[in-house]
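What follows is calculated from the coordinates using simple rules that are stated; it is not laboratory data. Every value quoted in this text rests on a predicted model; they were computed, and no experiment measured them. For neighbour counting, all protein chains shown are included, and Cβ atoms are generated from backbone atoms with ideal geometry for every residue, glycine included.
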Amino acid sequence: MVSKSEQPGETAAQDDTLSPAMRDAAEQAPDPEAARELARDLNTWSVARRMLGSYLKPLWKLAAFALVLNAVVGATTGAIPWLLKTVVDDVVNNPNPPAWQIWGVPLAAAVIMCIKSIASYGSTVTMSTIGQRIVEGIQTKMFERIVRADLAWLSATHSGRFVASFMADVGRLTGTITTSMIDQARNLLSVIGLLGAVFIMNWKLALIATCILPLAALFLRRFGKKTRKAARQSLEGTGDLSTLISETLKGIRVVKAYGREDHELDRAKVIIKQLVTQALIAIRMRAASGPTTEALSGIGIGLVIYVSIVLIQAGSLTLGEMTGFITALMLAYQPLKALANTQTTMQEGVAAAIRLFPILDTEPQVVTAPGAKPLAVPQGMVEFENVSFEYADGTPALHGVSLDVPKGHTVALVGPSGAGKSTILNLVPRFYDPTGGRVLIDGQDLKDVTVDSVRAISALVTQEPFLFDDTIRANIAYGRADATDEEIREAARNAAADEFISQLPNGYDSLVGEAGQKLSGGQRQRIAIARAMLKDAPILLLDEATSALDTASELKVQNALSRLMIGRTTLVIAHRLSTIKHADMIYVIDEGRVLEHGTHNELIKKGGLYAELSRSQFIEEPAQESQEAEAAAVAGE
């Protein structure tokens, strides 16, 4: 059953548990409701646990290798202060140092730095490899979720937000792993190595040096909150900009026809300016974290120097220990600075996760039930038994619809816009499942058979056929990748498309452009019909397949459809009643209910809604045809 959405009051009450930043990030996600639910339990460490378990676990060997290399980096970094202590105390302050110390200490330093460099290079390459593998995994899974998702979920989501999540959010979330988790392991291990060295040398000085850490954590927490807000607003802007670009390109003819180029440009400027503003805020937060750490480190080093001088004068600290200690603190500055930036990067990752995880967690509701068998179609009879349907937001679409489409018959659905005709059509290939009643093919409930087998026995031709940015050949063969060239040509001939295809410079290898923009509406429609013919499915679904065409194109397409419908069980939605006069049965749908049914002549005699629609079109169509003829005559002049 299609679930209803939360009531407004309930949503608002639940959202009160979220911070403003988390709530706004959820609202800008492709699926806001799911994002709000996720955000209530989402934090930095929950994101880290999920990413480690889901995407890093399969790469544990590479991750373990990177950690070993990072441990080597940390150990070699911690050894440097000890070398300096040895140089000052045992070599510089010794009038007659052993020969092995004179050449051994510099050699050890060189070897240690070479080992550190090799380990650092290896860890960087390994972690970059891990990052790219994770991007591959997330984007592949995300695309799989999108193509397998229910139409109801997809239609309720802005495509621009999908694009933004696919491109920007994946990168930010991956950065949370590779930069903020694995990469920082190197910095953390380096700091641990250096802290171990200073605590061994003098634990009192070490305590003084580390007393500033709580203060640094307080500042970084504040920076993290501001960074999360800036990241969230940046992600929102990215999604809005993607939506605007996509919308403007799709509607560019309308934009130009109404002279609204400047209006769309102004809209883009506002979003771009907001993106720049939020980017600058994030940059300032990142930039501030480093100097803050540097300033606090300076305070700590100053205290260490003062106490060191006092201890040296008291004879309880050597000059070498002081030199090694201060060197360790200076070496710890860069990894500490990087660790300080971890919080800001993690907050960006959380904001991205709020938008991305709901997509990755999406499971289709229309699925094959356990133990379901493939659909058997000995005849191809379609039946609706008291079918009801409501959309996810609770909007009812159908109420107790019952109808039959016998084998090889043509049944038409007519009625005003929004009556529920397309919903009925969408239930046949299981784009949706009914919330009540049953849809059957040859007596088999579609919920009891496999989804793939249901969709394999039907072909769909819509009002605005979609063509992929590929060749004509590939578009016709989309439903049958193994079709031969002759089969493709035969389908095109039957669809009255072979003639215009052959006249193109590259024939069947001609590219149709994005969404088929290089072809006319009639040409696109005939290619869609050829695609349906090539699939050769026993059940045909036509959704106002000729309503968007001019009279000349409609005649060619209608002839092609007539050939396609021969011997097939056909369910057709028609706007122009003249195209379905000869249907075996016509069902009149209004407000999700079957008002009347019968043949064309029977419905005219009843004098109901169908007769009313027929009379109105009898007046409108001659006038329209006259206008089209006049326009053709003017064009001919």
Revision key, fill the gap. A75 neighbourhood, Cβ < 14 Å, K/R = +1, D/E = -1, net charge +2
Practice item. Return the distance in nm (one decimal) between the two label points of a simple spin-label model at F65 and A552, each offset 7 Å from Cα along Cα→Cβ. Key: 6.6
Practice item. Between Q365 and S402, take the C-beta separation as r, use R0 = 30 Å, and let me know the FRET efficiency to the nearest 0.05. Key: 0.80
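Please give the net charge around A328, taking every other residue with its beta carbon less than 11 angstrom from that of A328, where Lys and Arg add +1 and Asp and Glu add -1. All intermediate terms of the calculation are to be shown ahead of the outcome.
Numbers: positive: K85; negative: E321.
My count for the surroundings of A328 gives 0.
Among F325, F431, F384, what is the fewest-to-most ranking by other Cβ atoms within 10 Å? Each step should come with its number before you reach the end.
Working: F325 27, F431 17, F384 22.
Fewest-to-most ranking of F325, F431, F384: F431, F384, F325.
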Revision key, fill the gap. Taking 537-543, 349-355, 593-599 and ranking on average Cβ neighbours within 10 Å, highest first, one gets 349-355, 537-543, 593-599
**Study point:** Built amide H within the under 5 Å cut-off of H409, gap 5+
**Key:** T570
Point to revise | Given K57/K447; K61/K204; K407/K447, the pairs whose alpha carbons are separated by over 29 Å | key: K57/K447; K61/K204
